Every structure is written in C-alpha cells, then in structure tokens.
Amino acid sequence: MAPTSRQPILFPELEDIEFCSCRADLVTQHDGEVYVCNPDNSHCYIFYHRDLQPDKPLQTQELMLSQIPSFTISHISVSPKGQKLLLWGEHGIAVVEIPRRRKPNGITTCRCTFIAARFFQGHTKISAADVKWHFGHTEDTHLVALTSDNILRVYSTEEPACAIASYPLFNTDSIIPYLHCLNVSAGPSLLSAQAGSMVSFTFGPVVEGEEAVTVFVLEENSDVFTLSLPLNNNRTSRSELRGPLKVLPPDNENYELDACSILCLQSNPPVLAVATLSGTLQHLALLQDSEVEEEECLYLLETVEIELPDLVEEEGESTCTQSSDEDVSAISLIPDPTARDRYFVRHNTGIHSVFLPAVQRLEHFVKAEDGELNLECECVAEHMLCVQPVGAGDPTCLFGSTVVQDPMLGAHLLVLISNAEFISLPIRSVHREEIPLLSGGDKSSHCASPMKQVHSQLFSQKLQGILARNISNPLLRCGNSAGMSQKALLELLMKSTQVFREEYIAKQSKARGELLHHMSLLQEQQTQHKSELSELQNSVSELAGESEKLCDRSSRISKRQQLLRQRVSGVMREVQNLLPDLSSAELSFKEEMHSMSRSLKSLKQDAEQLHQKLKFQNKTGKNLPSLSDEQQDRVRAILKENDNQINSLVSRIKSTNAQFS
C-alpha cells in the first residue's frame, strides 16, 4: 500500500459539499477519463486519470446540465461507448449527453433528459433501487431500472416518458384469484406488497440460442430469481420469472434477512456474490440441478465475513448528514474489469478486495473433458482502504470509487472520500509476496542433509508460513483528529497495538522459538557428526594399511603374469617355425594336380557310362543291325585309343603320388 504520509490529491470542487450517503457512487470512468458528479449543484466534472498528481492543480472540464434535476443524485455511471452519463437517485433518473467538443478548463452546457419523470412525480412512495445500462445493447440508448414496487422496467433514451417493457417480479397468477374473492382490485402496489422486497439485480450470461440476457434479481431475504431479458425489447414479448433458485447444500444460514447487493462474475459457469448489511459475503455457483432436469440451482461455495468498524455514534458528536432511515453499513459490490475472479466490496467505512480461486478451477473443469473438481479453497479477502478506523465518530465517508485501466500506469482503484481527496490504489496480485529472510541463499541449491528425509518442507518455507500475515493492513484515511474524542483515539491506538502484537510480535516470538529449536537440533547433529567423523578417520587409517598390502600383492601378480606372457609368446613362435612352407612352383603344381583329379573323376564317370552302354548293347545286340568289318575295326581303334589315354593318365597320377608320399 502507498504510504499514508504522501501529499493528498484534492478535488477543490467538492470541498464544501455536505452530502454523504452510504450508497453514494459519484465517480465513474471510461478509457482513462474520470467523471465526477456534484450532487449539490448537479454539475459533472471530467479529467484524465494521469493528471492526478500531488501538489498540482487538477485540470477539469465542467459540464452544466441543461435541466437541473429535482431529485438528489447519488449514483453516476457512463455508457458502454462513453457517449452518455447516467445520473440517478431514489426519486429520479437522468441521462446526460457528453459533448464531443469541450472548452479547456471551462463550462460546457450538456443536454439532460429525464427518464420517467411523470412516473416518479406521481408515485412519491416508489423509489429506484438499482439502475444500470442495458447489458445487451450495442448502442447507448437503453437502460434497466429496478424500483421498490418490485418491477423491472426497460427505458429508452429516445422514448424517455414511459417504459418500453415492464417485468413484474412477483407471481400474479397466485395472488389475483384470491383478491377477486375479496372484491379487491389487483393494483401493482398491492401485488408487490404480497411479495418480498427486491433490492438489487445484475446481468448474467447471454442465453444461447435466444436473443436474451439473463438477469439475476436479489430479494431482501437472500433469495435469487432469474429473468430472461429480451434484447429486442418488444412490447409484446413476455418473460417468465423463475425462482427462487434452490441453494445447495440446504441450510437455514443460507438465508439472511438483510441482503443488499448482488454481482455476477462473468465466468463459465457463472458465480454470484451476494452481500448482506452485516458484512457477510456468499459465493454461489450456478449449476444444473441433478434432481430436476432443465432446472438450475445455486451451489454455495463459501461464506465470508468481512470486518466492519463499530458504527456507534458517540455522545455530542455527529456523523455525515444522513437520513435516519438509511442504513450506514450498506454494501455494494464492484466488478474488477481486469480479472473475472476478483471483485471489490465497498461500504461506508472502506473497501475490501476479494479473490476467488474457485472460479479458475471451475473454468478448467468445464473446459477439460475429464478430471476431478476440487473446490476446497478459501477466497482471499484484503482490506485495501479504511476511512473510519474509530467507527461513526469519524466524519469521513466515501463519495465513490471506480477501476481505471491505464496501459502505462496499470490498473488502479480510484476512490473519492468526503474531504475532497482522491486516493489511487494500485491493483496488484492478490497472492501475498513472501517475506525475505535475513539468511537469503539460493533456493534452487540441493543439500544432502538427512533432515530432508524427515522434514519434507524447507525450514525457510516454514518460517515464511509462521511470519505470514493473515490480516491485511489497509490504507487509513480519516478526518481531522481534532474532531475526534479521546476515547476514539484510544480505541484506535489499542486496536493498532493489538494488531501489531498479533501480526508482528507474536509471530516473531514464535519464529524465534522455532529458530532456537532448530539450532539445538543442529548442535546435536554437529556432535553426532564429529563422533562419526573420528570413526571414519580410524577406518581410513585401517583401509590405508590394507591398501598397501593389496598393492604389494598386485605388483607380484603383475610380474608373474608378465613372465607367463613371455613364455606363451615363445611357444607360439616355435609352433609357427615348424609349419611347412611351399614354393610358388609347388603351389601351382598342387593346383594342377587338384584340377587333374577333378577331370579324372569326370572321365571315370564317362567310362562307366560307356561300360553300361556296352552291356546294354550286348544284351540287345541280337535285335540291332550288325556292323560291317570296317565299322567294327574303327570302333575297336577308338576304344583302344581311349584305353591307352586312360592308362597313361593313371600311370602319371600314380607316379606323382609316389613322389609326394
């Protein structure tokens, strides 16, 4: 948080204002331009967020309305395209067109159009509970208003006299027959009196397959109703009110009698946040009912209670000028445009930031095809700003707040308090940074300590958990201390001292005890390590003697092995010398002999074939024609010649074998 000693950023146009309302929201923004409304003179002011600098005059553009509203303005909001401003209070609604051309540091007259002026003038007992720009329209022409008669009306800036569509938020079918039996006319005021009081509404997701947007309406007893609001706003189109939605698991504590605000986080599935006047926040997920098909129910994720200062007025002191029927602890929920899983809680004494890790888990579970859903995770609530640390005795209150997104400066929560001071709070990550230790060290280094086998968590992480603060310290902004009583100042001092003791002194004492215990364990391990070191040194000396003996034996074995290698090499040389060596002529003759033996085998086969043929001819010679004498002589000569060749070859082979034998 920013230090409290910095110079304040004052807005001089609101220094003398005496208006203060617990539901006031007089600040809004669009694309870095901040719009502020002064309810005393109904003037609006425009300036850039980057111009908010201490000790420098703020350059503003003043907008004067063409028609002065007769009602008290308590809320301001800019249209989605930034072309119009919505000003409304309990007894009136006005739309202001923002001029494109403006005079630098001057006054510009703007066109002001009153919405349903005759309706609010004729029905003084009916007031506006909540008014918002239409979520589904791309043009800045339609707005939705919830009135105290439990009717949701849609207005158009082009036809501001009457509503273009009305949606009663009560079941008329079950009440009208009963009233007819009593001969009583069923008027809107009587029908709304039979139902509970609707206090707030919020826009949900767009209905798939239909040109409609879901609207969640909150009843005072924490019941939630749903309504499909058509985008075409046809006067003949009707939408059925469904609800109240069933809350699971069923519990009597799920229903409070002081609900005041509802917000739908634009996630899949939608998550609703419901706030009560006592500071209780309920987080509900919209899911399909497992028992009844095609029906939806609310699953209660968690219930959170934020701390609110005691709002007890002291004798002789007065707070901001408020009406007696107005609850000073009313809570409103502000969406965070930078994150879908975070929103802000604004009340008359300060602002809280709430982060829901369950939203991200729900979205991952819906996107994944299969997996387990674990919603056992607590939200993170952070107290960002406190303007009444001593309760109602402090006259400081909030005039409004808005989230400004600047591409250079980042996202900031801009808050305007009743002493005309602007406070710009940077929106940072909700995950608290780790407290740096004095020892430091590289976290990625690995140590082979045996304590890691017993303690899976590092000791530094354990100290981080002990020193972690469970309570956030908000930025304090209060009025002049001279206007406070000594009792209020004493209460503030005692509360600060208690927080300092619980969040700092007590945890540091506990961390010191853990350090001493850890030191004693380390000292015991040190003594044990010393004894083990002496034993290891004795073992090293014994192993050194054994290593010398082994070295001598190894040298003897190596010498013997070398001798054996020499003897084996000598034997191999002798064997190699005894092997016969043939000359090239002998080798060629050997090859020739092998070829002759192969040819001899073929000749033997041929001779055998001839003998077989002769035998066959002798057997069958009678049937064959006889040869002449010349033919027989010729055959005998051929056979004799072959026989001589065979005999000569056989003799040569025998003589050759005899030479090599």
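Structure above, values below:
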item: Candidates I73, I46, filtered to the one that is surrounded by 15 or more Cβ atoms within 10 Å (Cβ to Cβ), part of a strand (DSSP E or B) and modelled with pLDDT of 85 or more; result: I46
item: Lone unmet requirement of (1) in a strand (DSSP E or B); (2) of a type in the set (K, R); (3) more than 39 Å from the chain's Cα centre (by Cα) for K125; result: (1)
item: Condition met for L58 (assigned to a loop (DSSP other than H, G, I, E, B), in contact (Cβ under 8 Å) with a residue 12 or more places away in the chain, within 39 Å of the chain's Cα centre (by Cα) and surrounded by 14 or more Cβ atoms within 10 Å (Cβ to Cβ)); result: yes
item: Among residues of the range 139-182, those that are within 23 Å of L245 (Cα to Cα) and modelled with pLDDT of 85 or more, counted; result: 14
item: Subset of the range 500-540 [under 12 Å from L467 (Cα atoms), surrounded by fewer than 12 Cβ atoms within 10 Å (Cβ to Cβ) and basic (K, R)]; result: R512
item: Which numbered condition S70 misses (of (1) more than 21 Å from T402 (Cα to Cα); (2) in contact with a strand residue (DSSP E or B) (Cβ under 6 Å, 6 or more places away or on another chain)); result: (2)
item: Search result, residues across the range 83-122 that are without any contact (Cβ under 8 Å) to a residue 12 or more places away in the chain and within 21 Å of T72 (Cβ to Cβ); result: Q121, G122
item: Where M593 falls short, out of the listed (1) aliphatic (A, V, I, L, M); (2) touching a residue at least 40 places away in the same chain (Cβ under 8 Å); (3) open to solvent by 100 Å² or more (accessible area, probe 1.4 Å); result: (3)
item: Yes/no for V27 being in contact (Cβ under 8 Å) with a residue 60 or more places away in the chain and touching a helix residue (DSSP H, G or I) at 6+ places or on another chain (Cβ under 8 Å); result: no
item: Residues within the range 273-294 that are touching a residue at least 60 places away in the same chain (Cβ under 8 Å) and in a loop (DSSP other than H, G, I, E, B), tallied; result: 1
item: Check on M572, aliphatic (A, V, I, L, M) and over 28 Å from I646 (Cβ atoms); result: yes
item: Hits in the range 212-224 - residues which are under 16 Å from Y167 (Cβ atoms) and open to solvent by 10 Å² or more (accessible area, probe 1.4 Å); result: T214, E219
item: Enumeration of residues in the range 471-499 that are surrounded by 14 or more Cβ atoms within 10 Å (Cβ to Cβ), assigned to a helix (DSSP H, G or I) and either among the charged types (D, E, K, R) or at pLDDT 75 or above (or both); result: E491
item: Tally, over the range 152-174, of residues that are open to solvent by less than 20 Å² (accessible area, probe 1.4 Å) and closer than 25 Å to L26 by Cα; result: 4
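The values are calculated or read from the model by the stated rules, or taken from the named source; none is laboratory data. Computed from a predicted structure; not experimentally measured. Cβ: placed from backbone, ideal geometry, glycine included. Neighbour counts: every protein chain shown. Side chains included, ligands, DNA and RNA excluded: accessible areas come from the protein's heavy atoms. Shrake-Rupley method; radii C 1.70, N 1.55, O 1.52, S 1.80 Å.
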